[in-house]
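First comes the structure, then the notes that go with it.
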Amino acid sequence: MRFIWIILLSFSFLQAQNLPENYFKSPLDIPLVLSGTFGELRGNHFHSGLDIKTQQRTGLKVLASASGYVSRIKISHWGYGKALYVTHPNGYTSVYAHLNHFNKEIEAYIKKRQYAKESFEIEVFPEANRLQVKQGEVIAYSGNTGGSGGPHLHFEIRDGKSRPMNPMLFGFDIKDTYKPEISDLFAYTANDTSYINGKNGRQKLRLIPLENGDYTTENIKAYGKIGFGISSIDKLNYAPNKNGVNHIQTSLNGNTCLAVDFNKFSFSETRYLNQYIDYEYYIENKSRVQKLFIEPNNPLSIFKENKDNGYLEIKEGLSYNYLIKVKDFKGNTSSIRVPITPKKDSSYYFSPQKKQTSYLAKRNHASVFDIEDVDIYIPKNALYEDTYLAIKKEEENYQIHHRTTPLHYNITIGFDVSQYTEADKEKLFIARLSDWGKPYYSRTYKKANRFTTKTRSFGTYKLVADNAPPLITPVNFRNKKWMSNYRYLKFKIEDDLSGIQSYRATINGKFILMEYDYKTDLLTFDFNDNIVTETENNLKLIVIDNVGNTTTFEGTFYRKTK
Ligand SMILES: [Zn+2]
(Lines give C-alpha, C1' and ligand atoms only; values in the text may rest on other atoms or scores of the structure.)
Protein backbone atom coordinates (compact mmCIF):
# COMPACT_ATOMS: atom_id res chain seq x y z
CA MET A 1 0.00 0.00 0.00
CA ARG A 2 2.72 2.40 1.00
CA PHE A 3 4.60 1.47 -2.18
CA ILE A 4 1.59 2.43 -4.34
CA TRP A 5 1.38 5.75 -2.55
CA ILE A 6 5.01 6.44 -3.33
CA ILE A 7 4.38 5.73 -7.01
CA LEU A 8 1.29 7.94 -7.03
CA LEU A 9 3.08 10.74 -5.22
CA SER A 10 6.07 10.67 -7.51
CA PHE A 11 3.75 10.58 -10.50
CA SER A 12 1.90 13.70 -9.37
CA PHE A 13 5.24 15.29 -8.47
CA LEU A 14 6.41 14.69 -12.04
CA GLN A 15 3.15 16.01 -13.40
CA ALA A 16 3.51 19.16 -11.35
CA GLN A 17 7.11 19.63 -12.39
CA ASN A 18 6.57 18.73 -16.02
CA LEU A 19 7.47 22.21 -17.18
CA PRO A 20 10.16 23.17 -19.66
CA GLU A 21 13.00 24.22 -17.31
CA ASN A 22 15.61 26.54 -18.78
CA TYR A 23 13.51 26.93 -21.89
CA PHE A 24 12.84 30.59 -21.11
CA LYS A 25 15.69 33.03 -20.55
CA SER A 26 15.55 36.37 -18.78
CA PRO A 27 13.92 39.08 -20.93
CA LEU A 28 16.41 41.69 -19.67
CA ASP A 29 20.21 41.61 -19.55
CA ILE A 30 20.38 43.18 -16.10
CA PRO A 31 20.05 41.32 -12.77
CA LEU A 32 16.40 40.50 -12.14
CA VAL A 33 14.91 42.59 -9.32
CA LEU A 34 11.16 42.46 -8.87
CA SER A 35 8.61 45.09 -7.98
CA GLY A 36 5.77 42.63 -8.41
CA THR A 37 5.36 38.86 -8.13
CA PHE A 38 2.96 36.46 -9.75
CA GLY A 39 -0.48 36.14 -8.18
CA GLU A 40 -0.05 39.30 -6.12
CA LEU A 41 -3.36 40.87 -5.09
CA ARG A 42 -4.21 43.91 -7.21
CA GLY A 43 -7.32 45.96 -7.98
CA ASN A 44 -9.99 43.49 -9.22
CA HIS A 45 -7.36 40.98 -10.33
CA PHE A 46 -4.42 38.78 -9.44
CA HIS A 47 -1.16 39.95 -10.98
CA SER A 48 -0.55 37.80 -14.05
CA GLY A 49 3.22 38.11 -14.37
CA LEU A 50 6.44 39.43 -12.91
CA ASP A 51 7.12 43.15 -12.69
CA ILE A 52 10.83 43.50 -13.32
CA LYS A 53 12.50 46.70 -12.22
CA THR A 54 14.41 48.58 -14.92
CA GLN A 55 16.69 50.73 -12.72
CA GLN A 56 14.19 53.63 -12.83
CA ARG A 57 14.89 53.95 -16.54
CA THR A 58 13.13 53.33 -19.80
CA GLY A 59 14.79 52.15 -23.01
CA LEU A 60 16.47 48.99 -21.70
CA LYS A 61 16.78 46.19 -24.25
CA VAL A 62 13.95 43.66 -23.98
CA LEU A 63 14.99 40.24 -25.23
CA ALA A 64 12.88 37.41 -26.59
CA SER A 65 12.70 34.96 -23.69
CA ALA A 66 12.68 32.05 -26.14
CA SER A 67 12.52 31.67 -29.93
CA GLY A 68 9.16 31.91 -31.62
CA TYR A 69 7.06 34.41 -33.51
CA VAL A 70 5.26 37.64 -32.64
CA SER A 71 1.64 36.50 -32.47
CA ARG A 72 0.03 39.68 -31.17
CA ILE A 73 0.87 43.36 -30.85
CA LYS A 74 -1.42 45.55 -28.84
CA ILE A 75 -1.10 49.26 -28.19
CA SER A 76 -3.54 50.88 -25.85
CA HIS A 77 -3.69 54.09 -23.82
CA TRP A 78 -4.42 52.10 -20.67
CA GLY A 79 -3.56 48.69 -19.22
CA TYR A 80 -0.52 47.08 -20.83
CA GLY A 81 0.31 50.15 -22.97
CA LYS A 82 2.54 48.86 -25.76
CA ALA A 83 2.58 45.07 -25.47
CA LEU A 84 4.17 42.27 -27.43
CA TYR A 85 3.18 38.58 -27.41
CA VAL A 86 5.60 35.91 -28.60
CA THR A 87 4.29 32.40 -29.21
CA HIS A 88 6.80 29.56 -28.87
CA PRO A 89 6.92 26.16 -30.59
CA ASN A 90 6.10 24.43 -27.26
CA GLY A 91 2.73 26.17 -27.16
CA TYR A 92 3.59 28.71 -24.48
CA THR A 93 3.38 32.45 -25.06
CA SER A 94 5.57 35.08 -23.42
CA VAL A 95 4.22 38.61 -22.95
CA TYR A 96 6.15 41.89 -22.59
CA ALA A 97 4.22 45.00 -21.53
CA HIS A 98 4.50 48.75 -20.82
CA LEU A 99 7.13 48.89 -23.60
CA ASN A 100 8.53 52.16 -24.83
CA HIS A 101 8.89 50.98 -28.42
CA PHE A 102 9.62 47.88 -30.47
CA ASN A 103 12.68 46.83 -32.47
CA LYS A 104 13.11 48.32 -35.94
CA GLU A 105 11.31 45.58 -37.85
CA ILE A 106 8.34 45.30 -35.49
CA GLU A 107 8.13 49.08 -35.15
CA ALA A 108 7.93 49.46 -38.95
CA TYR A 109 5.34 46.68 -39.13
CA ILE A 110 3.04 48.22 -36.55
CA LYS A 111 3.49 51.86 -37.65
CA LYS A 112 2.41 50.96 -41.14
CA ARG A 113 -0.81 49.54 -39.70
CA GLN A 114 -1.32 52.44 -37.31
CA TYR A 115 -1.05 54.88 -40.24
CA ALA A 116 -3.44 52.75 -42.31
CA LYS A 117 -5.95 52.68 -39.44
CA GLU A 118 -5.16 56.32 -38.53
CA SER A 119 -5.04 55.34 -34.88
CA PHE A 120 -2.43 55.07 -32.13
CA GLU A 121 -4.45 52.36 -30.39
CA ILE A 122 -4.29 49.11 -32.33
CA GLU A 123 -4.30 45.34 -31.96
CA VAL A 124 -2.96 42.95 -34.59
CA PHE A 125 -2.28 39.22 -34.79
CA PRO A 126 0.57 38.67 -37.27
CA GLU A 127 0.82 35.37 -39.13
CA ALA A 128 3.25 32.78 -37.75
CA ASN A 129 5.86 33.30 -40.45
CA ARG A 130 5.71 37.12 -40.47
CA LEU A 131 7.76 38.28 -37.46
CA GLN A 132 9.97 35.47 -36.21
CA VAL A 133 12.30 36.05 -33.29
CA LYS A 134 15.28 34.18 -31.88
CA GLN A 135 15.90 33.68 -28.18
CA GLY A 136 17.90 36.62 -26.81
CA GLU A 137 17.11 38.87 -29.79
CA VAL A 138 16.19 42.47 -28.95
CA ILE A 139 12.46 42.69 -29.61
CA ALA A 140 11.65 45.93 -27.83
CA TYR A 141 12.77 48.57 -25.35
CA SER A 142 11.37 48.83 -21.84
CA GLY A 143 9.08 51.70 -20.96
CA ASN A 144 6.35 53.04 -18.75
CA THR A 145 3.37 53.02 -21.15
CA GLY A 146 -0.26 52.34 -20.30
CA GLY A 147 -1.27 51.84 -16.69
CA SER A 148 2.29 51.50 -15.47
CA GLY A 149 3.10 53.32 -12.25
CA GLY A 150 6.82 53.74 -13.05
CA PRO A 151 9.36 52.31 -15.49
CA HIS A 152 9.38 48.49 -15.40
CA LEU A 153 8.85 45.46 -17.60
CA HIS A 154 5.72 43.40 -17.05
CA PHE A 155 6.65 39.88 -18.12
CA GLU A 156 4.28 36.92 -18.43
CA ILE A 157 4.36 33.30 -19.46
CA ARG A 158 1.02 31.84 -20.56
CA ASP A 159 0.33 28.18 -21.19
CA GLY A 160 -1.32 26.74 -24.33
CA LYS A 161 -4.74 27.65 -22.94
CA SER A 162 -3.76 31.30 -22.39
CA ARG A 163 -3.57 30.82 -18.63
CA PRO A 164 -0.87 32.94 -17.00
CA MET A 165 1.62 30.92 -14.98
CA ASN A 166 4.21 31.92 -12.43
CA PRO A 167 7.37 32.52 -14.52
CA MET A 168 9.40 31.47 -11.47
CA LEU A 169 8.25 27.89 -12.13
CA PHE A 170 10.42 27.93 -15.26
CA GLY A 171 13.67 28.29 -13.40
CA PHE A 172 14.30 32.02 -13.06
CA ASP A 173 16.44 32.45 -10.01
CA ILE A 174 15.73 35.55 -7.96
CA LYS A 175 17.27 35.80 -4.54
CA ASP A 176 14.81 35.88 -1.67
CA THR A 177 16.01 35.06 1.81
CA TYR A 178 13.30 37.00 3.67
CA LYS A 179 10.23 35.41 5.20
CA PRO A 180 6.79 36.75 4.27
CA GLU A 181 5.56 39.47 6.64
CA ILE A 182 2.19 39.11 8.28
CA SER A 183 0.75 42.45 9.28
CA ASP A 184 -2.77 41.57 10.39
CA LEU A 185 -4.82 38.61 11.53
CA PHE A 186 -8.60 38.62 11.67
CA ALA A 187 -11.14 36.13 12.95
CA TYR A 188 -14.59 35.83 11.39
CA THR A 189 -17.78 34.20 12.59
CA ALA A 190 -19.58 32.35 9.81
CA ASN A 191 -23.10 32.77 11.15
CA ASP A 192 -25.23 34.27 13.93
CA THR A 193 -24.71 31.36 16.28
CA SER A 194 -20.92 31.40 16.35
CA TYR A 195 -18.79 33.63 18.57
CA ILE A 196 -15.19 34.67 19.01
CA ASN A 197 -14.21 36.22 22.34
CA GLY A 198 -17.89 36.80 22.99
CA LYS A 199 -18.45 38.65 19.73
CA ASN A 200 -20.01 38.04 16.37
CA GLY A 201 -18.62 39.39 13.11
CA ARG A 202 -15.07 40.32 12.08
CA GLN A 203 -12.46 41.06 14.71
CA LYS A 204 -8.77 41.83 14.66
CA LEU A 205 -6.54 39.61 16.77
CA ARG A 206 -3.30 40.80 18.30
CA LEU A 207 -0.24 39.15 16.76
CA ILE A 208 2.47 38.27 19.24
CA PRO A 209 5.87 38.01 17.52
CA LEU A 210 8.09 35.12 18.59
CA GLU A 211 11.88 35.16 18.62
CA ASN A 212 12.19 33.00 15.49
CA GLY A 213 10.09 35.40 13.44
CA ASP A 214 6.86 33.44 13.74
CA TYR A 215 3.75 34.63 15.54
CA THR A 216 1.20 33.44 18.01
CA THR A 217 -1.94 34.97 19.48
CA GLU A 218 -3.54 35.01 22.88
CA ASN A 219 -5.79 32.06 23.53
CA ILE A 220 -9.11 32.89 21.92
CA LYS A 221 -12.44 31.69 23.18
CA ALA A 222 -14.70 30.62 20.39
CA TYR A 223 -17.74 28.58 19.58
CA GLY A 224 -19.38 27.40 16.36
CA LYS A 225 -18.35 27.92 12.76
CA ILE A 226 -15.48 30.38 12.39
CA GLY A 227 -12.72 31.31 9.96
CA PHE A 228 -9.63 33.49 9.73
CA GLY A 229 -8.09 36.06 7.41
CA ILE A 230 -4.59 37.54 7.07
CA SER A 231 -2.89 40.36 5.32
CA SER A 232 0.64 39.52 4.32
CA ILE A 233 3.31 40.60 1.89
CA ASP A 234 6.70 39.29 0.88
CA LYS A 235 9.88 41.25 0.34
CA LEU A 236 12.71 39.96 -1.82
CA ASN A 237 16.39 40.82 -1.56
CA TYR A 238 17.70 43.95 -3.34
CA ALA A 239 14.36 45.83 -3.36
CA PRO A 240 12.02 47.24 -0.74
CA ASN A 241 8.88 46.49 -2.80
CA LYS A 242 6.01 44.73 -1.10
CA ASN A 243 5.26 41.68 -3.22
CA GLY A 244 2.77 38.85 -2.96
CA VAL A 245 3.16 35.53 -1.18
CA ASN A 246 3.18 32.22 -3.06
CA HIS A 247 1.42 29.74 -0.85
CA ILE A 248 -0.81 29.69 2.24
CA GLN A 249 -1.76 26.61 4.18
CA THR A 250 -3.93 26.34 7.25
CA SER A 251 -4.44 23.38 9.56
CA LEU A 252 -6.36 22.49 12.67
CA ASN A 253 -4.74 20.06 15.12
CA GLY A 254 -2.45 18.97 12.31
CA ASN A 255 -5.11 18.36 9.68
CA THR A 256 -5.12 20.60 6.62
CA CYS A 257 -8.08 22.99 6.35
CA LEU A 258 -7.11 24.98 3.28
CA ALA A 259 -4.22 25.34 0.84
CA VAL A 260 -3.99 28.33 -1.48
CA ASP A 261 -1.46 28.30 -4.28
CA PHE A 262 -0.59 31.33 -6.42
CA ASN A 263 1.10 29.75 -9.44
CA LYS A 264 -1.55 29.66 -12.14
CA PHE A 265 -5.04 30.97 -12.83
CA SER A 266 -7.15 31.96 -15.80
CA PHE A 267 -8.20 35.46 -16.79
CA SER A 268 -11.86 34.45 -16.67
CA GLU A 269 -11.63 33.89 -12.91
CA THR A 270 -9.29 36.70 -11.87
CA ARG A 271 -12.08 39.10 -10.79
CA TYR A 272 -13.20 36.62 -8.12
CA LEU A 273 -10.32 38.14 -6.18
CA ASN A 274 -13.01 40.45 -4.83
CA GLN A 275 -14.76 37.48 -3.25
CA TYR A 276 -11.45 36.09 -1.93
CA ILE A 277 -10.46 39.27 -0.10
CA ASP A 278 -12.50 40.98 2.60
CA TYR A 279 -13.77 43.53 0.08
CA GLU A 280 -15.50 45.80 2.56
CA TYR A 281 -12.37 45.99 4.70
CA TYR A 282 -10.32 46.74 1.59
CA ILE A 283 -12.56 49.64 0.49
CA GLU A 284 -12.55 51.10 3.99
CA ASN A 285 -8.90 50.52 4.89
CA LYS A 286 -7.03 50.09 1.58
CA SER A 287 -5.55 46.86 2.88
CA ARG A 288 -6.32 43.44 1.37
CA VAL A 289 -7.17 40.70 3.84
CA GLN A 290 -7.19 37.22 2.30
CA LYS A 291 -9.98 35.16 3.75
CA LEU A 292 -8.77 31.67 4.63
CA PHE A 293 -12.18 30.18 4.04
CA ILE A 294 -14.16 29.81 0.82
CA GLU A 295 -17.45 31.65 0.77
CA PRO A 296 -20.23 30.69 -1.65
CA ASN A 297 -19.79 31.74 -5.28
CA ASN A 298 -16.04 31.69 -5.21
CA PRO A 299 -14.86 29.31 -7.98
CA LEU A 300 -11.17 30.35 -7.82
CA SER A 301 -8.82 27.58 -8.87
CA ILE A 302 -6.07 28.74 -6.48
CA PHE A 303 -7.64 26.67 -3.68
CA LYS A 304 -5.79 23.37 -3.87
CA GLU A 305 -6.99 21.58 -0.77
CA ASN A 306 -9.90 22.26 1.44
CA LYS A 307 -11.82 20.67 4.25
CA ASP A 308 -15.16 22.30 5.11
CA ASN A 309 -14.13 25.23 2.85
CA GLY A 310 -11.45 26.21 5.34
CA TYR A 311 -13.92 26.83 8.17
CA LEU A 312 -13.47 25.53 11.70
CA GLU A 313 -16.29 24.04 13.74
CA ILE A 314 -15.46 24.71 17.38
CA LYS A 315 -17.26 22.42 19.82
CA GLU A 316 -17.21 22.26 23.58
CA GLY A 317 -15.01 19.74 25.34
CA LEU A 318 -12.15 19.75 22.80
CA SER A 319 -9.01 21.81 22.44
CA TYR A 320 -7.82 23.35 19.22
CA ASN A 321 -4.61 24.56 17.68
CA TYR A 322 -4.97 26.43 14.43
CA LEU A 323 -1.88 27.04 12.32
CA ILE A 324 -1.41 29.36 9.34
CA LYS A 325 1.73 28.91 7.23
CA VAL A 326 2.60 31.55 4.65
CA LYS A 327 5.33 30.83 2.11
CA ASP A 328 7.09 32.75 -0.60
CA PHE A 329 8.29 31.11 -3.81
CA LYS A 330 11.66 30.21 -2.27
CA GLY A 331 9.94 28.42 0.58
CA ASN A 332 10.71 30.98 3.29
CA THR A 333 7.87 30.46 5.75
CA SER A 334 6.15 32.52 8.41
CA SER A 335 3.58 30.93 10.64
CA ILE A 336 0.93 31.97 13.11
CA ARG A 337 -0.29 29.65 15.83
CA VAL A 338 -3.76 30.38 17.16
CA PRO A 339 -4.74 28.47 20.31
CA ILE A 340 -8.52 28.16 20.61
CA THR A 341 -10.52 27.23 23.69
CA PRO A 342 -14.17 26.39 23.09
CA LYS A 343 -16.52 28.58 25.07
CA LYS A 344 -20.21 29.03 24.61
CA ASP A 345 -20.23 32.54 25.99
CA SER A 346 -23.51 33.88 27.30
CA SER A 347 -22.51 37.51 27.32
CA TYR A 348 -22.05 37.76 23.56
CA TYR A 349 -23.48 40.54 21.60
CA PHE A 350 -24.17 40.75 17.91
CA SER A 351 -22.52 42.90 15.34
CA PRO A 352 -25.08 45.18 13.67
CA GLN A 353 -27.25 43.11 11.35
CA LYS A 354 -27.23 43.92 7.65
CA LYS A 355 -29.95 46.53 7.28
CA GLN A 356 -33.08 45.38 5.48
CA THR A 357 -34.36 47.73 2.81
CA SER A 358 -37.16 47.52 0.27
CA TYR A 359 -34.59 46.81 -2.47
CA LEU A 360 -33.63 43.15 -2.15
CA ALA A 361 -31.42 41.98 -5.01
CA LYS A 362 -31.22 38.21 -5.24
CA ARG A 363 -28.02 36.79 -6.64
CA ASN A 364 -29.80 34.18 -8.78
CA HIS A 365 -32.15 36.60 -10.52
CA ALA A 366 -31.85 39.78 -12.50
CA SER A 367 -33.42 42.73 -10.64
CA VAL A 368 -34.72 46.12 -11.67
CA PHE A 369 -35.25 49.00 -9.24
CA ASP A 370 -36.69 52.46 -9.80
CA ILE A 371 -36.22 55.64 -7.87
CA GLU A 372 -37.59 58.88 -9.33
CA ASP A 373 -35.77 59.54 -12.63
CA VAL A 374 -33.38 56.61 -12.30
CA ASP A 375 -33.65 52.89 -12.90
CA ILE A 376 -31.10 50.26 -12.00
CA TYR A 377 -30.72 46.90 -13.70
CA ILE A 378 -28.68 44.23 -11.92
CA PRO A 379 -28.06 41.08 -13.99
CA LYS A 380 -28.08 37.60 -12.53
CA ASN A 381 -24.85 36.69 -10.68
CA ALA A 382 -23.57 40.27 -10.58
CA LEU A 383 -23.64 40.04 -6.79
CA TYR A 384 -21.87 37.36 -4.76
CA GLU A 385 -24.80 37.07 -2.36
CA ASP A 386 -28.40 38.22 -1.90
CA THR A 387 -28.15 41.85 -0.86
CA TYR A 388 -30.47 44.50 0.52
CA LEU A 389 -29.50 47.56 -1.46
CA ALA A 390 -29.44 51.07 -0.06
CA ILE A 391 -30.84 53.26 -2.84
CA LYS A 392 -31.82 56.85 -2.29
CA LYS A 393 -31.94 60.28 -3.86
CA GLU A 394 -30.39 63.28 -2.13
CA GLU A 395 -30.73 66.52 -4.07
CA GLU A 396 -29.32 65.66 -7.52
CA ASN A 397 -27.33 62.66 -6.26
CA TYR A 398 -28.48 59.10 -6.57
CA GLN A 399 -26.90 56.84 -4.04
CA ILE A 400 -26.85 53.40 -5.59
CA HIS A 401 -25.87 51.21 -2.67
CA HIS A 402 -22.39 51.23 -1.12
CA ARG A 403 -18.95 50.98 -2.68
CA THR A 404 -18.12 48.34 -0.09
CA THR A 405 -20.23 45.72 -1.91
CA PRO A 406 -18.36 44.17 -4.87
CA LEU A 407 -19.98 43.62 -8.27
CA HIS A 408 -18.82 40.84 -10.57
CA TYR A 409 -20.66 42.00 -13.69
CA ASN A 410 -21.79 45.36 -15.00
CA ILE A 411 -25.04 46.81 -13.76
CA THR A 412 -26.90 49.36 -15.89
CA ILE A 413 -28.01 52.70 -14.50
CA GLY A 414 -30.54 54.64 -16.60
CA PHE A 415 -31.47 58.32 -16.24
CA ASP A 416 -34.69 59.80 -17.61
CA VAL A 417 -33.59 63.10 -19.17
CA SER A 418 -36.92 64.17 -20.74
CA GLN A 419 -37.04 67.35 -18.63
CA TYR A 420 -33.86 68.74 -20.22
CA THR A 421 -33.59 70.79 -23.41
CA GLU A 422 -31.73 69.33 -26.39
CA ALA A 423 -28.89 71.81 -25.81
CA ASP A 424 -28.59 70.79 -22.17
CA LYS A 425 -28.69 67.11 -23.01
CA GLU A 426 -25.72 67.49 -25.32
CA LYS A 427 -23.51 68.67 -22.47
CA LEU A 428 -24.73 66.21 -19.85
CA PHE A 429 -23.07 62.97 -18.87
CA ILE A 430 -23.46 60.43 -16.09
CA ALA A 431 -20.81 60.87 -13.43
CA ARG A 432 -19.78 58.69 -10.53
CA LEU A 433 -18.89 60.78 -7.52
CA SER A 434 -15.82 60.07 -5.43
CA ASP A 435 -16.17 60.00 -1.64
CA TRP A 436 -15.26 63.69 -1.60
CA GLY A 437 -17.75 64.53 -4.37
CA LYS A 438 -15.48 64.79 -7.39
CA PRO A 439 -17.32 63.70 -10.58
CA TYR A 440 -15.75 61.03 -12.78
CA TYR A 441 -17.07 60.37 -16.28
CA SER A 442 -18.91 57.06 -16.59
CA ARG A 443 -19.28 56.05 -20.26
CA THR A 444 -22.65 57.49 -21.14
CA TYR A 445 -24.90 56.10 -23.89
CA LYS A 446 -27.42 58.67 -25.06
CA LYS A 447 -30.84 57.94 -26.48
CA ALA A 448 -33.50 60.64 -26.93
CA ASN A 449 -34.84 60.77 -23.40
CA ARG A 450 -32.74 58.18 -21.68
CA PHE A 451 -29.06 58.11 -20.78
CA THR A 452 -27.50 54.90 -19.55
CA THR A 453 -24.18 53.80 -18.17
CA LYS A 454 -22.74 50.41 -17.32
CA THR A 455 -20.65 50.08 -14.19
CA ARG A 456 -19.11 47.55 -11.86
CA SER A 457 -19.04 50.00 -8.94
CA PHE A 458 -21.85 50.81 -6.59
CA GLY A 459 -21.76 54.39 -5.33
CA THR A 460 -23.21 57.81 -5.96
CA TYR A 461 -24.13 58.84 -9.50
CA LYS A 462 -25.52 62.07 -10.95
CA LEU A 463 -25.92 63.98 -14.19
CA VAL A 464 -23.18 66.55 -14.68
CA ALA A 465 -22.80 69.15 -17.46
CA ASP A 466 -19.44 69.70 -19.16
CA ASN A 467 -19.49 73.05 -20.98
CA ALA A 468 -15.75 73.55 -21.26
CA PRO A 469 -13.83 72.35 -24.31
CA PRO A 470 -10.47 70.55 -23.89
CA LEU A 471 -7.29 72.52 -23.42
CA ILE A 472 -4.43 72.23 -25.92
CA THR A 473 -1.02 73.54 -24.85
CA PRO A 474 1.99 73.44 -27.19
CA VAL A 475 5.08 72.07 -25.47
CA ASN A 476 7.79 72.75 -28.07
CA PHE A 477 5.72 74.34 -30.83
CA ARG A 478 5.38 78.04 -31.66
CA ASN A 479 3.71 79.47 -34.74
CA LYS A 480 6.13 80.13 -37.65
CA LYS A 481 8.92 78.31 -35.84
CA TRP A 482 11.75 76.47 -37.61
CA MET A 483 11.69 72.92 -36.31
CA SER A 484 14.43 71.32 -38.47
CA ASN A 485 16.40 70.14 -35.44
CA TYR A 486 13.54 68.61 -33.55
CA ARG A 487 12.94 64.85 -33.36
CA TYR A 488 9.52 65.22 -31.72
CA LEU A 489 6.51 67.49 -31.80
CA LYS A 490 4.79 67.66 -28.41
CA PHE A 491 1.48 68.97 -27.13
CA LYS A 492 -0.27 68.71 -23.81
CA ILE A 493 -4.00 68.00 -23.94
CA GLU A 494 -6.37 68.13 -20.96
CA ASP A 495 -10.05 68.10 -20.16
CA ASP A 496 -10.96 68.63 -16.57
CA LEU A 497 -14.51 67.24 -16.43
CA SER A 498 -15.76 64.61 -18.87
CA GLY A 499 -12.26 63.73 -20.09
CA ILE A 500 -10.71 63.30 -23.53
CA GLN A 501 -12.60 61.09 -25.94
CA SER A 502 -10.45 61.43 -29.04
CA TYR A 503 -7.85 63.49 -30.84
CA ARG A 504 -6.66 63.74 -34.41
CA ALA A 505 -3.66 65.54 -35.85
CA THR A 506 -2.73 66.30 -39.47
CA ILE A 507 0.15 68.04 -41.21
CA ASN A 508 -0.80 69.56 -44.57
CA GLY A 509 -3.99 67.53 -44.36
CA LYS A 510 -2.15 64.20 -43.88
CA PHE A 511 -2.80 62.14 -40.74
CA ILE A 512 0.11 62.02 -38.32
CA LEU A 513 0.48 59.42 -35.61
CA MET A 514 0.53 61.06 -32.19
CA GLU A 515 1.19 58.84 -29.19
CA TYR A 516 -0.86 59.70 -26.13
CA ASP A 517 0.24 59.20 -22.54
CA TYR A 518 -2.66 59.92 -20.18
CA LYS A 519 -0.36 60.02 -17.17
CA THR A 520 1.50 63.06 -18.46
CA ASP A 521 -1.28 64.38 -20.79
CA LEU A 522 1.31 64.35 -23.59
CA LEU A 523 0.77 63.88 -27.30
CA THR A 524 3.98 63.10 -29.18
CA PHE A 525 4.69 62.95 -32.91
CA ASP A 526 7.98 61.49 -34.17
CA PHE A 527 9.41 63.39 -37.18
CA ASN A 528 11.23 60.16 -38.07
CA ASP A 529 7.88 58.86 -39.34
CA ASN A 530 8.87 60.89 -42.42
CA ILE A 531 5.47 62.43 -43.02
CA VAL A 532 6.87 65.95 -43.27
CA THR A 533 8.36 66.56 -46.73
CA GLU A 534 7.63 70.24 -47.27
CA THR A 535 9.38 73.34 -45.96
CA GLU A 536 6.21 75.07 -44.87
CA ASN A 537 3.83 72.92 -42.90
CA ASN A 538 0.34 73.45 -41.59
CA LEU A 539 -0.43 71.59 -38.41
CA LYS A 540 -3.95 70.96 -37.24
CA LEU A 541 -4.85 69.25 -33.96
CA ILE A 542 -8.45 68.53 -32.96
CA VAL A 543 -9.30 67.30 -29.46
CA ILE A 544 -12.81 66.22 -28.46
CA ASP A 545 -14.05 65.56 -24.92
CA ASN A 546 -16.58 62.93 -23.89
CA VAL A 547 -19.62 65.15 -24.46
CA GLY A 548 -18.36 66.41 -27.82
CA ASN A 549 -16.87 69.78 -26.87
CA THR A 550 -14.13 70.38 -29.43
CA THR A 551 -10.92 72.38 -29.47
CA THR A 552 -8.92 72.94 -32.64
CA PHE A 553 -5.34 74.14 -32.71
CA GLU A 554 -3.76 75.33 -35.96
CA GLY A 555 -0.33 76.65 -36.74
CA THR A 556 2.53 76.73 -39.20
CA PHE A 557 6.09 75.51 -38.80
CA TYR A 558 9.07 75.15 -41.10
CA ARG A 559 11.55 72.38 -41.71
CA LYS A 560 14.55 72.23 -44.02
CA THR A 561 14.00 69.78 -46.85
CA LYS A 562 16.80 67.70 -48.38
ZN1 LIG B 1 2.74 43.88 -13.95
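The values are calculated or read from the model by the stated rules, or taken from the named source; none is laboratory data. Remember, it's a predicted structure, so these values are computed and weren't measured experimentally. Reconstructed Cβ throughout: ideal geometry from the backbone, glycine too, with neighbour counts over all protein chains shown. These accessible areas exclude ligands, DNA and RNA; they are computed on the full protein's heavy atoms, side chains included. Shrake-Rupley method; radii C 1.70, N 1.55, O 1.52, S 1.80 Å.
So the values come out like this:
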quantity: Met168 accessible area, 1.4 Å probe, all protein chains in place, Å² to nearest 10; calculated: 20
quantity: Cα-Cα pairs of segment 418-526 separated by more than 17 Å (percent); calculated: 65
quantity: Segment 52-136, accessible area per residue, ligands and nucleic acids excluded (1.4 Å, Å²); calculated: 46
quantity: Over segment 164-257, volume per residue of the alpha carbon convex hull, in Å³; calculated: 157
quantity: Length-normalised contact order of segment 419-479 in % [C-alpha pairs under 8 Å, at least 6 apart]; calculated: 35
quantity: Full-extension gain in nm, Arg337 to Thr421, via 0.36 nm per residue minus C-alpha separation; calculated: 23.7 nm
quantity: Relative contact order [Cα under 8 Å, 6+ residues apart], the chain, whole percent; calculated: 10
quantity: Per-bin percent of Cα-Cα distances, segment 275-321 [10 Å]; calculated: 22, 39, 30, 9
quantity: Share, in percent, of DSSP beta bridges within the chain that are antiparallel, nearest 5; calculated: 95
quantity: Above-threshold pairs, the threshold being 18 Å between Cα atoms, out of Lys225/Lys315; Lys225/Lys307; Lys111/Lys480; Lys61/Lys242; Lys199/Lys286; Lys74/Lys104; calculated: Lys111/Lys480; Lys61/Lys242; Lys199/Lys286
quantity: Ser26 - accessible surface, heavy atoms, 1.4 Å probe, Å² rounded to 10; calculated: 40
quantity: Total charge dipole magnitude, the chain, about the Cα centre, Cβ charges on Lys, Arg, Asp, Glu only, Debye to nearest 20; calculated: 860
quantity: Spread of Cα-to-Cα distances over 5 Å intervals beginning at zero, given as percent, for segment 118-231; calculated: 2, 7, 9, 11, 12, 10, 8, 9, 10, 7, 6, 5, 2, 0
quantity: Contour minus Cα-Cα distance for Thr404 and Asn449 (0.36 nm per residue); calculated: 13.1 nm
quantity: Between helix 2-17 and the chain: long-axis angle, C-alpha atoms, 0 to 90°, nearest 10; calculated: 20
quantity: Overall dimensions of segment 106-168 as given by Cα atoms, namely Rg and Dmax in Å; calculated: 14.3, 40
quantity: The chain: radius of gyration over Cα atoms, expressed as a fraction of 2.2 N^0.38 Å; calculated: 1.14
quantity: Carbon + sulfur, % of accessible area of segment 153-216 - ligands and nucleic acids excluded, 1.4 Å; calculated: 45
quantity: Projected area averaged over orientations for segment 19-167, convex hull of C-alpha atoms, nm²; calculated: 8.5
quantity: Overall Cα dimensions of segment 365-412 - principal axes, largest extent first, Å; calculated: 31, 20, 17
quantity: Percent of C-alpha pairs per 10 Å bin, segment 245-367, short to long; calculated: 10, 31, 36, 18, 5, 0
